[in-house]
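Asker: Pasting a structure here, questions to come.
No lab work stands behind these numbers, since they all come straight from the coordinates. Source: prediction; values computed, not measured. When we count neighbours, we look across all protein chains shown, and the Cβ atoms used for this are built from the backbone with ideal geometry, even at glycine.
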Amino acid sequence: MPRTRFLGTGFAVPDRVVTNDDLSHLMDTSDEWIRTRTGIQERRWAGDGDTNAALAHEATVRALEAAGLEADTLDAIIYATSTPDHFAPGNGVYLQRLLGLGPIPSIDVRNQCSGFVYALAMADAFIRCGQFHRVLVVGSEIQSTAMDISTHGRDTAVIFADGAGAVILGPTNESGRGILAFDLHGDGTHAEKLWVDAPGSMYNPRMSHEQIDEGRHFLEMDGKEVFRHAVVRMPESVRAALAATGHAPADIKLLVAHQANLRIADMMQKSLGLRDDQVYNNIMWYGNTTAATIPIALDECVRSGRIVPGDLIALTAFGSGFLWGSAVVRW
Ligand SMILES: CC(C)(COP(=O)(O)OP(=O)(O)OC[C@H]1O[C@@H](n2cnc3c(N)ncnc32)[C@H](O)[C@@H]1OP(=O)(O)O)[C@@H](O)C(=O)NCCC(=O)NCCS
């Protein structure tokens with residue numbers, strides 16, 4: 001059975017840079033508070049005309065260029081987002097339309113911050129069993145429109161941001177190369193600890209004026225609980241995925257983790273006993289772009305030479321659900 005390898009990566013973020021000082025004019029917060037609690041210095045928020053699908057399209061075009069492939073070689077799209085442009089249909093078909101593709105299948109994955117790792121696992125299964133040869137996996141988010149940009153919503157508004165990352169995947173028979181293992185988990189007992197309540201089909205109408213007045217359409221987070229679980233689950237999952245390949249954390253060239261928060265990343269690094277050069281962080285510049293953080297980081301690492309063919313790398317994510325998981329890749 002072949003393994004799945006990465007053929008190309010790309011990312012796109014909106015042009016609009018929002019600094020911590022910009023936010024301090026919109027709510028009671030400060031550059032110092034945001035930097036020390038989250039590590040974030042600035043982030044990108046959608047401007048006029050930016051859509052989730054348009055960002056995904058831009059990221060895909062770059063990933064295709066990097067892979068040296070034309071869009072019409074793609075067999076399937078797996079699109080991870082928690083912030084689709086519309087309630088229905090999912091964003092996959094909008095991306096297909098923007099790419100001008102024929103009627104290839106597209107699948108939307110609703111797994112929030114872990115969406116990219118889950119989408120990768122699905123793509124890997126399709127490729128290994130021979131169903132699809134070239135799969136586009138995208139993580140794309142517009143979180144800025146899901147946040148309460150006021151002092152009331154400041155715990156989330158300073159963290160979440162917009163962006164997209166894309167990878168093109170295909171089979172390889174090169175010995176030892178490609179995606180080697182996954183470790184995936186979910187625990188719905190914590191579903192309301194990081195969620196967007198409305199609109200929802202359990203309500204009729206799906207969103208009421210009262211819900212809007214109460215801010216139930218905003219992303220709501222129990223930050224302390226998310227933190228407490230994230231710093232345990234991600235290292236645990238990285239160890240499990242590595243163990244399945246006969247490796248230990250010390251063996252990896254690089255850990256590319258979901259960019260939730262720099263303090264979470266620091267605790268994870270300590271827990272796994274990794275050196276600074278074994279960890280990649282870019283949350284300082286992009287904030288938490290949910291399903292997009294890992295493919296954005298991967299593209300930066302590949303283009304800057306931090307990841308080269310043959311490197312053993314680990315990917316890990318944790319977020320709303322709670323859902324979490326990891327992957328181990330011989331690049
Ligand atoms: C959100 C988070 C940074 C808050 O940090 P914290 O140390 O837990 O802070 P607390 O919630 O105890 O709040 C401390 C104070 O800061 C205030 N505060 C919250 N957000 C603030 C902001 N942006 N600016 C200034 N003050 C803020 C709180 O209102 C609180 O004030 P109070 O003591 O007067 O009530 C932290 O919980 C966290 O990082 N959680 C994980 C979030 C995450 O990674 N999410 C993504 C997961 S995928």
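Asker: In debye to the nearest 20, how big a dipole does the chain give about its Cα centre with +1 on each Lys and Arg Cβ and -1 on each Asp and Glu Cβ?
Answerer: 1160
Asker: Sort 253, 270 so the one with the fewest other Cβ atoms within 10 Å of its own Cβ comes first.
Answerer: Ascending number of Cβ neighbours within 10 Å: 270, 253.
Asker: Residue by residue through the stretch 248-259, what is 3J(HN,Hα) from phi via Karplus (6.51 cos²θ - 1.76 cosθ + 1.60, θ = phi - 60°)? Round to whole Hz and write x for glycine and proline.
Answerer: 10, x, 4, 7, 7, 6, 8, 9, 10, 9, 3, 8
Asker: Now for a different question. To one decimal place, what Kirkwood hydrodynamic radius in Å is obtained for the stretch 33-152 from all pairs of distinct Cα atoms?
Answerer: 15.6
Asker: Sticking with this structure for a sec: What is the order of 94, 79, fewest Cβ neighbours within 10 Å to most?
Answerer: The fewest-first ordering by Cβ neighbours comes to 94, 79.
Asker: Just to check I understand the Karplus step: with θ = phi - 60° and J = 6.51 cos²θ - 1.76 cosθ + 1.60, what whole-Hz values come out for the stretch 139-150, glycine and proline as x?
Answerer: Once rounded to whole Hz, the list reads x, 9, 8, 10, 8, 5, 8, 9, 10, 7, 7, 7.
Asker: Mind listing the long-range amide H neighbours of residue 279? Cut-off is under 5 Å, sequence gap 5 or more, other chains count too, H placed in the peptide plane at 1.01 Å from N.
Answerer: 255
Asker: Going Cα to Cα from residue 193, which aspartates and glutamates come in below 14 Å? Please leave out same-chain ones fewer than 8 positions away.
Answerer: 155, 220, 222, 225
Asker: Please list, ordered by chain and number, the residues whose modelled amide H lies under 5 Å from the amide H of residue 109; skip anything fewer than 5 residues away on the same chain.
Answerer: Those lying under 5 Å, H to H, from residue 109 are 79, 80, 81.
Asker: Here's another thing I want to ask about it. Points 7 angstrom from Cα along the Cβ direction at residue 228 and residue 73: gap in nanometres?
Answerer: For the pair residue 228/residue 73, the computed spacing is 5.0 nm.
Asker: How high is the relative contact order of the stretch 158-233? Use alpha-carbon pairs under 8 Å, at least six apart in sequence, and give a whole percent.
Answerer: About 26 percent, as a whole number.
Asker: Before rounding to the nearest 500, sum -39500 (n - 2.57) across all DSSP H runs of length at least 4 in the chain and divide by the residue total; then give [θ] at 222 nm in deg cm²/dmol.
Answerer: -9500 deg cm²/dmol, from helical runs alone.
Asker: For labels at residue 36 and residue 16 in the simple 7 Å Cα→Cβ model, what's the distance in nm?
Answerer: Distance between label points: 3.0 nm.
Asker: So what's the gap between the Cα centers of the stretch 34-79 and the stretch 268-312, to the nearest angstrom?
Answerer: Result: 16 Å between the Cα centres.
Asker: Related question: Can you sort 150, 237, 271 so the residue with the fewest Cβ neighbours within 10 Å comes first?
Answerer: 150, 271, 237
Asker: Roughly how many debye, to the nearest 20, is the charge dipole of the stretch 41-118 about its Cα centre, given +1 on each Lys and Arg Cβ, -1 on each Asp and Glu Cβ, and no other charges?
Answerer: Roughly 240 debye, rounded to the nearest 20.
Asker: Any idea which of 246, 257, 287 is furthest toward the positive side of the dipole for the chain, if Lys and Arg beta-carbons carry +1 and Asp and Glu beta-carbons -1?
Answerer: Final value for the positive-end residue is 246.
Asker: Still on this structure: Mind listing the phi-derived Karplus ³J(HN,Hα) values for the stretch 54-62, rounded to whole Hz, using 6.51, -1.76 and 1.60 with θ = phi - 60°, and x for any glycine or proline?
Answerer: Once rounded to whole Hz, the list reads 5, 5, 4, 5, 4, 5, 5, 4, 5.
Asker: Using 0.36 nm per residue of separation minus the Cα-Cα distance, give me the extension gain between residue 270 and residue 303 in nm, one decimal.
Answerer: 9.2 nm is the gain from fully extending residue 270 to residue 303.
Asker: Right, here's the next one. Given a Förster distance of 35 Å, report the FRET efficiency between residue 85 and residue 25 from their Cβ-Cβ distance, rounded to the nearest 0.05.
Answerer: E between residue 85 and residue 25, to the nearest 0.05, is 0.75.
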